[in-house]
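In what follows, a single structure is set out as structure tokens and then discussed.
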Amino acid sequence: MKIKGLPILFITLIFIVGCNEDEVLPKPKAMLRLEYAKPMLSLAETSHFTFEKNSIAELYKKNKKSFELRYPDLKASIFLSYRGVTNDIQKLILDAQKLSYEHASKADGIRPRVYDDGLNKVFGAFFEVSGDAASPAQFYVTDSLNHFVTGALYFETKPNYDSILPAAVYLQNDIGRIMETLRWKEKN
């Protein structure tokens, strides 16, 4: 004897048992949304140049030609070094570019951008480094005759690109502002 409704009853029972609403599903991965205040600017002055800095940063003079721009809340620093140009501009530029590309082994990519402000005689390049490199940004600026400044951004933590990306982007904008507002003092 055949039971005609048995397959339909069996399929219905599987759907009822299989559709358990109390099942725990893993949460999707999410990124922490970090927002930073719009920078308030103040003038920073060294023996050789001036620039506008974010007021949350503190400028420390390491010696006459080396400076550290510390961001305590972000646990990051921008290191600045000054060199006088003495017929060695090509070597200084090559050394600065070489420093940026030394991070290539850990980086996913390096995006160079040329900077040219002929009116204020500030020329250089900015290197945005993506990936787990030690420094997510480096730059150099020069007037090609007397002054040369290099800078690099470092965090006080092991590089993890996804985690530091919002802070890195914020600080890369600060580096852009430094480059745009840098003005040379007369050579001493």
Violations at 32 Å Cα threshold for listed pairs 29/62; 38/65; 29/158; 27/98; 27/53; 121/158 -> 29/62; 27/98; 27/53; 121/158
Quick note, the range 34-188: a/c under 1.5 would make it rounded; otherwise a/b > b/c is prolate and the rest oblate (a ≥ b ≥ c, C-alpha gyration tensor); here it is oblate
Of the residues 140, 127, 109, the Cα lying farthest along the dipole of the range 65-184 towards its positive end, which is defined by charges on the beta carbon of Lys, Arg, Asp and Glu, belongs to 140
Given a Förster distance of 30 Å, the FRET efficiency implied by the Cβ-Cβ spacing of residue 121 and residue 157, rounded to the nearest 0.05, works out to 0.25
If R0 = 35 Å, then residue 29 and residue 81, at their Cβ-Cβ distance, give a FRET efficiency to the nearest 0.05 of 0.35
Simple spin-label estimate for residue 64/residue 102, 7 Å along Cα→Cβ, in nm, reads 2.5
With a Förster distance of 22 angstrom and the Cβ-Cβ distance between residue 113 and residue 145, calculated FRET efficiency to the nearest 0.05 equals 0.45
If every Lys and Arg gets +1 and every Asp and Glu gets -1 at its Cβ, then about the Cα centre the range 65-184 yields a dipole, in debye to the nearest 20, of 240
Here the net charge surrounding residue 62, from other residues whose Cβ is less than 12 Å away from its Cβ (Lys, Arg +1; Asp, Glu -1), is +3
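A short reminder: the numbers here are calculations on the coordinates, not readings from a lab. Remember, it's a predicted structure, so these values are computed and weren't measured experimentally. All Cβ positions, glycine included, derive from the backbone under ideal geometry; neighbour counts span all protein chains shown.
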